[in-house]
Each structure stands twice: as C-alpha cells, then as structure tokens.
Amino acid sequence: MSSRTDARPTRERILTEALRLFAERGVDGTAVTDIEAAAGLSPGSGSFYRHFSSKQDVLDEVVTGIIEASDRSQQDRLLEAHTGPLTAEVLRDQYLAVFELLADMGQLIDLLARERHRLPELAELLAERMVATGIATEGKLARATEDEQALGAIVISALTGYHLATQFFGAPPGDVDRERFATALARLALGQS
C-alpha cells in the first residue's frame, strides 16, 4: 500500500494501485474508494475522478502502458541483437530480458487469469499485440530455421511456460535456474548442440 509521502505523481500511484487491487480482487471487487486509499488519497474525496472517469479508464491506461512497454522492449531487443553477431550468449541475454518483462507483467497476467471471462477483449488484445509480436521477434532473433513463425512460437511458449510454472509451483521446473534455461533455449534456437 502506498503512503501519503509517496513521491510518485498521483496519477501513477492510482494506476499502480488499481492494477494491484484488480489483480487481487477483480475489477468489480475493487471500489474506487479502495483505489484512493491504496494510492494514499482520502477515500471518497473524489480524487480518483480528477484523473480518471472510471475504473475502466484506469484499466485501459494500464493495459496500454504495459503493451507499449512490451513493444519498446521487443524493438530494443531486435536492435540490440542486430548490432553484432548473434551468439548463444546474446540470445540468452535476450531471453533473460523476456523473463524480466514477464515478471513486470505479473499483475496483468493475474488479472487476466481472474477476469478472462469478463475481459475477453483484453485477452484478445494481449494475444494479438504481445504474443504475435513476440513470436515474430523471437523467430527473427534466432534465425535458425526457415519457419521463423514456428520457432518464435516454440520460444515464446517455452519462456512463458517456464515463467508460469515457476510462479505456480514456487520453484523453477527441474530446479533449472533462469540463466541455465535461457542458455539451453538459446543454443536450441540457434541450432547448436
């Protein structure tokens, strides 16, 4: 929970706390006064409405911000990978960056798992913008096959599956740490044994 001494701008605090509460309680289970209190505002003061017209507006802005950050991350990763030779080490570092992005998206993933029935357009948007773009990015990064789309799907599925399994079970699959997993996946994607 944020305190009144939180130096972040009010709008940012509202966005952060709304996403956290939506992921924990669902959109319908979160009152505007809950968001105000969590953001360090006086509950019922109307402070929320000085920045947003509804909870849906907050949700839309949070999702847009996460998607834009994902797009920037993928573009940066493509640029970085193409500045020199693509080695297993470079690709491993790219995959470790994906794990960081997935960690940053944790609350949005929790929200989607909780509210998928209520927010099918959010699931569709994330699949279109993040998964499809991720598949294209990963296929281009690896360059190990003529079927970039299939390779990208394999890589995205492996990275996402590893992340979700680690979150769900509380430990990495087979006790293989992130770096070891990313290294093995990079070597596979590059066709190295």
Give, in nm to one decimal, the length gained when the segment between Asp28 and Arg187 is fully stretched (0.36 nm per residue of separation minus the Cα-Cα distance).
52.7 nm
Which order do peptides 58-65, 34-41 fall in by mean Cβ count within 10 Å, highest first?
34-41, 58-65
Cα gyration tensor category, rounded, prolate or oblate, for region 7-97 with a/c compared to 1.5:
prolate
What does the extension gain come out to for Glu100 and Phe168, with contour length at 0.36 nm per residue minus their alpha carbon separation?
22.8 nm
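Coordinate-derived values only; no laboratory data. Predicted model only: the values in this text are computed from it and were never measured. Here the Cβ is made from the backbone with ideal geometry for all residues, glycine too, and neighbour counts use every protein chain on show.
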